[in-house]
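Below you'll find the structure, written out as structure tokens, and then a few comments.
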């Protein structure tokens, strides 16, 4: 009975341990696909914090502009110790035949004023408030552009990892072919069937394949580190990337590049240029409005104290108050304001011209990216078929070499043909994914591409 109880207890503890370890096993087995990498990067890339802070700065700038139209309350206090009291002259004939010197203050003088100012009308400030909308829009577009950059960089590094893994797979298959042939050649040398130089030829190719594998492994590590950096992922932590199971990677889908529905307005860069052009127009209007009179209202309350000693200057205060309007009419700043206006006008005109240039430039980028994608897609299809053909030739040559119908040089040449076909395939594969990303970027659809993953 005790033995049965101990056995049940042991099973229970084992089950509990498995349950506790399960989350860690699942975490260790997690494979990151492209969408998950981008999800992580959009949340953790440090550049996102920078552009979010710019949004907050734009909000603060809007409040600053609005504050100029809100009431302003100020308190001013002064204390004067008139070391030599200033005197004024009352001309002769007013209080007597001689001029009279009179002091209108005393040695100590205090003055305290509380004043409330309210802008009633200032057209330049009103025009400045219009810029708040576009400043916020500019900050939002910068956030969007940063997200597109993160999507592009992560996708590019992710595709590089896949290509290097594909290269390693092919190189290791070649290495295994050379290894098997080395064993066969070594036996043939021992039996005197073949010469040592034939074994050396195969050994040289075997060693070259090892060196190529090391280079590819180094390149793979660099690409993985670049991906981690683009994601904001710890460089020293492992990141198991799931590329082998990605159907769209192993068998790239045919891309329809004939769609001509391009619009420069879809590009975030173009939208930023439009916003900047609008801000320059508003700045031009603001400078022009500087010639319009400004009206301000104010309420003032104060108190003054005088005395030949300090005490009365602070205790015997005489209060006063006033309510008034102030009209400011700029008269003699025309030349400066006109120069500022002309600068703003030409900047605005250049911004409009640059928009037209950008529209043509982005159209060119799109057409070039589309052409590159069509070419890369054709090359990839051709090079994929070429690998199959080279492998078929090698299979026949290998069979002939085994039967003694052909020599080692033909066998090596057939293997070289496979390596050349593999290199062309890998270059075409990476060019295809690069062209695909460049087309998404040129069309302004990187976020749509990310959403469709």
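Every read-out reported here was derived from the displayed coordinates using simple, explicitly stated rules and does not represent laboratory data. Every value quoted in this text rests on a predicted model; they were computed, and no experiment measured them. Every residue, glycine as well, gets a Cβ built from its backbone with ideal geometry; the counts of neighbours run over all protein chains shown.
Mind sorting out which of [x] -0.59, -0.70, -0.80; [y] -0.29, -0.40, -0.52; [z] -0.24, -0.33, -0.44 is the real log10 I(q)/I(0) by the Debye sum over Cα atoms at q = 0.06, 0.07, 0.08 Å⁻¹ computed from the coordinates?
Given [x] -0.59, -0.70, -0.80; [y] -0.29, -0.40, -0.52; [z] -0.24, -0.33, -0.44, the structure-derived one carries the label [x].
So between residue 136 and residue 99, what do we pick up on full extension, going 0.36 nm a residue minus the alpha carbon distance? Don't skip to the answer; put the middle values down first.
Values: separation 37, 0.36 × 37 = 13.32 nm, distance 6.76 nm.
Additional length available on full extension: 6.6 nm.
Relative to the first principal axis of the alpha-carbon coordinates of the chain, what is the inclination of helix 34-44, with its axis defined by its Cα atoms, in degrees from 0 to 90 and to the nearest 10?
On a 0 to 90 degree scale, this one is about 30.
Give the angle, between 0 and 90 degrees and rounded to the nearest 10, that separates the Cα long axis of helix 268-288 from the longest principal axis of the Cα atoms of the chain.
So the inclination is approximately 10 degrees.
Taking R0 as 56 Å, what's the FRET efficiency between residue 263 and residue 176 from their Cβ-Cβ distance, rounded to 0.05? Mind showing how you got there, number by number?
Details: r = 52 Å, r/R0 = 0.92.
FRET efficiency, residue 263 to residue 176: 0.60.
Once the Cβ-Cβ distance between residue 168 and residue 389 is put in as r, and R0 is 22 Å, what FRET efficiency do you end up with, to the nearest 0.05? Write out the running numbers ahead of the final one.
Values: r = 23 Å, r/R0 = 1.03.
Efficiency, from the Cβ-Cβ distance: 0.45.
Using R₀ = 41 Å, calculate the FRET efficiency as 1/(1 + (r/R₀)^6) where r is the Cβ-Cβ separation of residue 242 and residue 184; round to 0.05. Numbers along the way, then the final one.
Numbers: r = 38 Å, r/R0 = 0.92.
In this case the efficiency is close to 0.60.
Testing the spin-label approximation: label points 7 Å from Cα along Cα→Cβ at residue 62 and residue 416. State their distance in nm.
Once both label points are built, they end up 6.8 nm from each other.
Given contacts defined as C-alpha pairs under 8 Å and at least six residues apart, what's the relative contact order of the chain, whole-number percent?
Working: 530 pairs, mean separation 94.4, N = 453.
Normalised by residue count, the contact order of the chain is 21 percent.
What does the extension gain come out to for residue 303 and residue 221, with contour length at 0.36 nm per residue minus their alpha carbon separation? Intermediate values should be presented prior to the final figure.
Working: separation 82, 0.36 × 82 = 29.52 nm, distance 7.74 nm.
That pair, residue 303 and residue 221, stretches by 21.8 nm at full extension.
Compute for segment 345-435: radius of gyration divided by Kirkwood radius, i.e. Rg/Rh, restricted to C-alpha atoms, rounded to two decimals. List each step's numbers first, then the result.
Details: Rg = 24.0 Å, Rh = 16.5 Å.
That ratio is 1.45, to two decimals.
Quick check: the angle from helix 334-402's long axis to the longest principal axis of the chain, C-alpha only, nearest 10 degrees?
10 degrees
Would you kindly state how much longer the chain becomes between residue 191 and residue 354 on full extension, computed as 0.36 nm times their sequence separation minus their alpha carbon distance, in nm to one decimal?
Working: separation 163, 0.36 × 163 = 58.68 nm, distance 7.85 nm.
Net length gain for the segment: 50.8 nm.
Helix-only mean residue ellipticity at 222 nm, the chain, DSSP H runs n ≥ 4 weighted -39,500 (n - 2.57), per residue, nearest 500. What is it? All intermediate terms of the calculation are to be shown ahead of the outcome.
On the way: 11 runs with 306 residues, N = 453.
Computed mean residue ellipticity for the chain: -24000 deg cm²/dmol.
Per the Cauchy relation, a quarter of the hull surface: what is the mean projected area of the convex hull of the alpha carbons in segment 75-123, in nm²? Don't jump to the answer; show the numbers that get you there.
Numbers: hull surface 27.0 nm².
Quarter of the Cα hull surface area: 6.8 nm².
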